[in-house]
Amino acid sequence: MRVPTCADGEPARLRGVSTEARAPVAKAVPRGLLIDRAWSRLGDAVAPLGNGAGRPLARTVKLILDPLVLRPVLHPEFAGGAVRPEHADALCDRITAAGPVLAATAAWFQVLKKARRRAGITDGNPQDLYFQRCYELATAHGDPRLDPKAADRAAAVLAEVHDQGGPTAAGLRAFVTDPANAAELADLLAAAWSAPAEPVGPPATDPAAFLDTCATAPDQRRFDALVADRAGTRGAAGLAAPGAARAHGLSDRDVPRRPELGDTAAKQHLPKPFDRSVVERLFGPLTNAHRDALDDVPALVRREITRTGRPWQLAEEEGRVVLVLGREASAGLVGPATGDAATRLRARWEREAYVRRAARMPSAVPARARADVLGVREAYLRRLWVRAHGLELRRETVPAAGLWDVLDGVLRSVILDQRDRLRSALERRAAG
Amino acid sequence: MRVVRGNGIEVGDWPHPERAALLEGRGALVAWDVLGGGAPAARVHDPDRAADWLWEVYGPEAADAVLGDAAVVTPTGPGAGRTLAQLDWARAWWPASAVAGVPALDPVLLSAERAVATCEVEHLLDDEDATARALAEVPADPAVPGLSERLADLAEDFGVELPPAVLPARAEFALAAGSATAATAATGTTVHSGASPVDWALVPAGAVDAAADARWAVVRQGGATFVDVVVAAGPRPDVPLVARFADVDVELGDVDDFGRRTGRAPVPPTVLLLPPARRVLTVHAPDFASPPGEPDPDAPARRAALVAYARSRVGDPAATLTERLAGRR
């Protein structure tokens, strides 16, 4: 394979030779290879954004190079695992051109880490929290070593990131336990659970058709049609039947009951989603990052109460459709896999059997971990519900192009979680 | 290496799990055969995702051929991820054995080296939080110059707090335990005895000496018949073990003067009439695996080879730091 340009020492734009002439072989080039080579030319100045092997850190690519430098949304030719050779130079040039900003970004990252250490902050992953802020600082103020106000700016960013606004768990507890609100919230809850079912007509769309191309060529129009056709609401119809919510992994009860308002929550050992109190449902999102994207407490609580009485206990049709898609795609985890998405999830689950053997994980399941580890499909739907619920609370929507990452990513995190549980069951037993 | 295209792309022969140093990449699994050497096998299930990084394992030309339409490829590649895969193999299958002279690995050093190795290939792993996860598993600063500093930097970059170094309080895993082949220290009259190897797949890593046989003896005492079982312990012996002999389960709840796991259970006298094929001892850790394991005629040769391989890694400058320093600290 002829790897065009970029590998050859001098920047392509200085050579003035057309890419087409230099790369007659129309083979696509690994994007990672181009990024790697362009990166290596940036030298030591960007080392704080790289790993010990001199490559950009995974989050450098994900949080900086992709969204801020390469911007595949504007430049679809830079998306995907491989890049057409005629675009290889352009990709490298963008990174090379961003060299000074990236060097300053790296320097700002060092400054922020130092300030963080001095302030005794230990929350969160500094890369997730600061990388894009560093890029902003670098773009606006250049190299921090030449900026007399660097320390002040770093302190301001830290204050902003760590003293983020938004509702808090304490505020939530105060609101729901305030006697002045009791009657209103109780009425709301009663109303939410006595509202008539939302009528849906006969289906005009088929979730399976979207799932068939969801991983390879996601079709936004098909997804939009599912939403317009209320396929998610329709798919919730059976959930009230005895045992149905339990079979979905969403409840331990035969029939889901109206939730309590609740007043406390422990992040560990939460009940199943439909069995959670209103406080328990909101507790996770309130203690995670990005709570500044949430409504204020009274609106958050009122909306959550209404949500609990709706199909899938979700407010928006998009999230309900995601649950229906996930239910269909995960069917292959416990039975025959039909359709492309189900086949892919099934294949991931089958790979896991080999991975576990190679990692010498238990092949028999310890009694105390059994409920956690068996029931992969229930765990899948549970995790998917939590994700759809969180998206709704933050008013984020997933474009059709990102849905496969959600459907596949949920299974991956269920699998990783199961491994952790199997390992810790082993450790605990060894300790006891 | 052969490339087979069907449901995904298969490169090379897939190794048995006990000899596989496995890398879980985005879009493909890669497995080095620790006994075979050479380039790794791969199972590509999402070529588009794998295209981003497969060249780092196979080299650009071979990766291109794998993802193209070649039937045979000759990898030249740098083998990214080899260290992490090797450490994962060692964590699972390192056959620590006093009998065979394979010293135990230091679990702190292993987890520390693994965290550093994870970060170097995080961009190609199928878990974008792999480094943070690996860092969270490090129980203490390994106190190894160079590695400790790298680890501290990583912990700061990923916002993980590392516990401080602890003085090695780990029980020494003596190499010279010639006792493992001694006769069982049973009281009573031994009327029959024998030994069977322990199936690695039935016990967690380090629970028993990987190369020592489990030994049994049928004894008569006070008019009753018992079976006595003894098995040499490994470096992480605190796991409940049960031995099954002729359908009788024997809990290995005791530890003898040599640190071996022992147990005794009454058996019917008719046990002596059983054909030799049924006088087989199977040791397993309940909750970890259920006996009997799948009969595997290749197991004795494969495990002997793995024991010899592990012995060769100790002190080998080409091995991971963890393997190189086995038993040295």
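Every read-out reported here was derived from the displayed coordinates using simple, explicitly stated rules and does not represent laboratory data. For clarity, every value in this text was computed on a predicted model and none was experimentally measured. Cβ: placed from backbone, ideal geometry, glycine included. Neighbour counts: every protein chain shown.
Miscellaneous remarks
- Taking a ≥ b ≥ c as the square roots of the Cα gyration tensor eigenvalues, the range B:26-143 comes out oblate, since a/c reaches at least 1.5 and a/b does not exceed b/c.
- Only aspartates and glutamates eight or more places from A:K27 in sequence, or on another chain, were considered; those with a Cα closer than 16 Å are A:E77, A:E86, A:D89, B:D48, B:D52, B:E61, B:D64, B:D69.
- Across the options A:P311, A:A331, A:P167, the greatest Cα extent toward the positive end of the charge dipole of chain A (unit charges at beta carbon of Lys, Arg, Asp, Glu) belongs to A:A331.
- Karplus-based coupling profile of the range A:242-259, in residue order and whole Hz: x, x, 5, 5, 5, 4, 7, x, 9, 7, 9, 8, 5, 10, x, 9, 4, x, with θ = phi - 60° in 6.51 cos²θ - 1.76 cosθ + 1.60 and x standing for Gly or Pro.
- Residue among B:P95, B:P276, B:P197 with the largest mean-square fluctuation in a Gaussian network model of chain B, springs linking Cα atoms under 10 Å: B:P276
- Assigned charges on the beta-carbon of Lys, Arg, Asp, Glu; the range A:101-162 dipole about Cα centre (debye): 260 debye
- Applying both filters, DSSP loop and at most 13 other Cβ atoms within 10 Å, to the trypsin sites (Lys or Arg not before Pro) of the range A:375-404 gives A:R395.
- Across the range A:321-327, computed HN-Hα scalar couplings (Karplus, 6.51 cos²θ - 1.76 cosθ + 1.60, θ = phi - 60°) run 5, 4, 5, 5, 5, x, 4 Hz from first to last residue, x flagging Gly and Pro.
- Based on the Kirkwood approach, the hydrodynamic radius assigned to the range A:101-162 is 11.2 Å, with every pair of different Cα atoms included.
- Cα-centred dipole magnitude for the range B:3-80, charges only on beta-carbon of K, R (+1) and D, E (-1), debye, nearest 20: 120 debye
- The HN-Hα couplings worked out from phi for the range A:290-307 by the Karplus form 6.51 cos²θ - 1.76 cosθ + 1.60 (θ = phi - 60°) are 6, 6, 5, 7, 8, 5, 6, 4, x, 5, 4, 5, 4, 5, 5, 4, 4, 4 Hz, whole numbers, x standing for Gly and Pro.
- Three-way shape label, the range B:182-329, alpha-carbon gyration tensor, a/c 1.5: prolate
- Placed amide H near B:V267: partners under 5 Å, 5+ positions off or other chain: B:T225, B:F226, B:V227
- The range A:101-162, relative contact order [Cα under 8 Å, separation at least 6], %: 52 percent
- Nearest-ten-degree value, helix B:147-158 long axis tilted from longest Cα axis of chain B: 60 degrees
- Charge dipole of chain B about the Cα centre (unit charges at C-beta), most positive-ward option of B:V160, B:V239, B:G27: B:V239
- Amide H contacts under 5 Å for A:G50: A:L57, restricted to partners 5 or more places along the chain or on a different chain, H placed in the peptide plane at 1.01 Å from N.
- Dipole-positive endmost among B:G188, A:P67, A:P242 within the protein assembly as shown (Cβ charges, Cα centre): B:G188
- Along chain B, counting only GluC sites (Glu not before Pro) with a DSSP assignment other than H, G, I, E or B and at most 12 other Cβ atoms inside a 10 Å radius, the longest segment between sites is B:1-160.
- For B:C119, A:C134, order by how many other beta-carbon atoms lie within 10 Å, fewest first: B:C119, A:C134
- Under 16 Å from A:K149, Cα to Cα: aspartates and glutamates that are on another chain or at least 8 residues apart: A:E136
- Reachable lysines from A:K267, criterion Cα separation under 30 angstrom, eight or more residues apart if same chain: A:K62, A:K113
- Tensor-based shape of the range B:3-80 (alpha-carbon gyration tensor, a/c under 1.5 rounded, otherwise prolate or oblate): rounded
- Here the dipole of the protein assembly as shown is about 840 debye; that uses its Cα centre as origin and unit charges on the Cβ of Lys and Arg (positive) and Asp and Glu (negative).
- Per residue, the average separation of C-alpha pairs within less than 8 Å and at least 6 apart gives the range B:178-284 a relative contact order of 28 percent.
- 5 angstrom amide H check on B:A214, placed H, neighbours 5+ away: B:S196, B:V198
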